[in-house]
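Below: the structure, in structure tokens.
The values are calculated or read from the model by the stated rules, or taken from the named source; none is laboratory data. Computed from a prediction, not measured in an experiment: that's the story for all the values here. Positions of Cβ are backbone-derived with ideal geometry, glycine not excepted, and every protein chain shown enters the neighbour counts. To get the accessible areas, we keep the full protein, side chains included, count just its heavy atoms, and leave off ligands, DNA and RNA. Shrake-Rupley method; radii C 1.70, N 1.55, O 1.52, S 1.80 Å.
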Amino acid sequence: MSALTSAAITVADTVTEFELPSINYSAIAPILIIFGAAVVSVLVEAFAPRRARRPLQLVLVIGSVIAALVVVVSLAGTRLVTAEGAIAVDGPTLVMQGTLLVVALLGALLMAERGIDPQGDAFAPRASALPGSEDEREFTERGYLQTEIWPFFLFALMGMLIFPAANDLLLMFIALEVMSLPLYLLAGMARRRRLLSQEASLKYFLLGAFSSAFFLYGTAMLYGYSGTVSLPGIAEALTAKPSEASLVTIGVALLLVGLLFKIAAVPFHQWTPDVYQGAPTAVTGFMAATVKIAAFGALLRVLYVGLGGMRWDWEPMLWIIAILTMLVGSIVAITQTDIKRMLAYSSIAQAGFILVGVVAVSREGLAASMFYLIAYAFTTIGAFAIVSMVRDASGEATHLSKWAGLGKKSPLVAGIFAIFMLALAGIPLTSGFIAKFGVFTAAIESGATWLVIVAVVASLIAAFFYARVIVLMFFSEPTEETASVVVPSAFTTIALAAGATVTIVLGIVPQPVLELVSNADVFIR
């Protein structure tokens, strides 16, 4: 009996000595709000009556995203490290989290019209279906009640919010998986084009698993070198043991593979065109706009906070990757005949242009990269909103031949799409011009003039295929194959209007956003 009493006292002493981690819950409230909403969304999907799921899910998703956005705004000016150093809340974190939430809200509106359309187009019956027919009713019913997308949406968004805030590599890996796994499933949910969609989902999953393994192996090597997974701890180890940097160089290379895969940088871009084409268009728009923000946020934090001490080792590597990404994305996009695949290669090229700002390794480069991400996200979500509206008798019309003469059939929609194309090309009076000017200026100031020259050449190449779409829409006569533009719902109209407005306003009056990112251009360590 005395032995049991002694053991109980020992256990009690051990429990008494255990200290709970210090967590500032108000600083991580946006993440907690989305996480709570994701859990409730699963319960709604499991237990709510089928007819009640859609309104409940929409209220939950839109309400939680808006609530998280309000909290992010209220945290403006916050600079702290919490959760035992695992999460950093600073200017770049809040800017990227706020942008993620706004763009995710627009992506949710695109998905919310009638759920995800089984063909991946704009959530409406086939154009060949007669109004009121059984085919139309059956299609509308399935699309309208396809509410299982919302738990995936919220969990993916939660991972995205953690990704740029993660201050250690272990939490960053967890965020990477929480973000990626729901996206793999969402990419395969286009039911009418089931084989194409599921093939895209499988490719995304397999290549994503390989990239995650590289990330984890790189993390293990950096831990072996520094004895910690904390980014500030790795930075201190680099300063203390500069002669042992050969091991960390291999670890950094492996780690960057996982991050560069997510931003679709060459040569880790092979999944992008297939996934963009096969996934439902609303999912493609959401994924294209938000994943880049989250992944670049994590990449910037890793390079600037953890690996700044070995800049001269990884900077040449990123020079090569940026050049390849810009040129491959721009050149291959010229050969594409599918609008979604063309936008996929455009996305690859845009990643290369953002990398130009990243390799500047300066406050100006960080601010310019964040501005570019904001501009790109709104332009992309608007472009895919229009793609979802252009259809023919077989559904969504993505072949470029079906866009010929669209400007004469639907001048307003074609005109807005032309604005998005001009912005992606970097033409003045659009957000894309200010974004490119910012990253190019930052790179020149850091001494990367030759990289900027290559970027300008790539921009000229890219302008060709953007202009080709505009010429096709406005300078070709409509034919029998020319698609039609459906009347969008209120949700799609809001998303499209927001994308177009931000694209134009940031091109004409960019100063407020430039000041915002300039005041948030320092990572906390």
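A few notes on this one:
- Applying a DSSP loop filter and a limit of 15 other Cβ atoms within 10 Å to the chymotrypsin sites (Phe, Trp or Tyr not before Pro) in the stretch 389-492 leaves PHE475.
- Structural descriptor for the stretch 332-485: relative contact order 35 percent, calculated from alpha carbon pairs under 8 angstrom and at least 6 residues apart.
- Nearest-10 value in Å² for the accessible area of THR93, using the 1.4 Å probe: 0 Å²
- Rounded to the nearest 10 degrees, the angle from helix 134-144 to the longest Cα principal axis of the chain is 20 degrees.
- Averaged over residues, the count of other Cβ atoms within 10 Å places the peptides 346-356, 503-513, 146-156 in the sequence 346-356, 146-156, 503-513, highest first.
- The Cα center of the stretch 311-349 and the Cα center of the stretch 493-512 differ in position by 25 Å.
- Taking all Cα pairs closer than 8 Å and separated by 6 or more residues, the relative contact order of the stretch 408-524 comes to 42 percent.
- Nearest-ten-degree value, helix 231-240 long axis tilted from longest Cα axis of the chain: 60 degrees
- The H on the amide N of HIS399, modeled in the peptide plane, is under 5 Å from the matching H of ILE339, each at least 5 residues off or on a different chain.
- Cα lying deepest toward the dipole's positive end in the stretch 439-525, options ALA455, VAL502, THR479, charges on Cβ: ALA455
- Overall form of the stretch 428-525 per C-alpha gyration tensor (a/c, 1.5; a/b vs b/c): oblate
- The solvent-accessible area of LYS408, taken with every protein chain present and a 1.4 Å probe, is close to 100 Å².
- Interchain or long-range residues, amide H under 5 Å from VAL266's placed H: THR325
- For the chain, the solvent-accessible area of protein heavy atoms averages 38 Å² per residue (probe radius 1.4 Å; ligands and nucleic acids excluded).
- Accessible surface of the stretch 348-488 [probe 1.4 Å, protein heavy atoms]: carbon and sulfur percent: 72 percent
- Alpha-carbon centroids, the stretch 27-83 and the stretch 397-444: separation in whole Å: 33 Å
- Long-range amide H partners of ILE87 with built H, under 5 Å: THR82, ASN167
- Rel. contact order, % - alpha carbon contacts under 8 angstrom, at least six apart, the chain: 17 percent
- Value of [θ]222 nm, deg cm²/dmol, for the chain, DSSP H segments ≥ 4, -39500 (n - 2.57) each, nearest 500: -24000 deg cm²/dmol
- Spatially close lysines, pair count over the chain: Cα under 28 Å, gap of eight or more or interchain: 13
- Gain upon complete extension [THR493, LEU43; 0.36 nm per residue less C-alpha separation]: 159.0 nm
- Gyration tensor (alpha-carbon) shape descriptor, the stretch 362-404, a/c threshold 1.5: prolate
- Take the Cα of ARG525, step 7 Å toward its Cβ, do the same at PHE475, and the gap between the two points is 5.4 nm.
- For the stretch 332-345, the Karplus equation 6.51 cos²θ - 1.76 cosθ + 1.60, evaluated at θ = phi - 60°, returns couplings of 5, 4, 4, 7, 7, 10, 10, 5, 6, 5, 4, 5, 5, 5 Hz by residue, with Gly and Pro reported as x.
- Cβ-Cβ FRET estimate between ARG50 and VAL456, R0 fixed at 60 Å, reported to 0.05: 0.65
- Given +1 at the Cβ of Lys and Arg, -1 at the Cβ of Asp and Glu and no other charges, the dipole of the stretch 310-387 around its Cα centre is 140 debye to the nearest 20.
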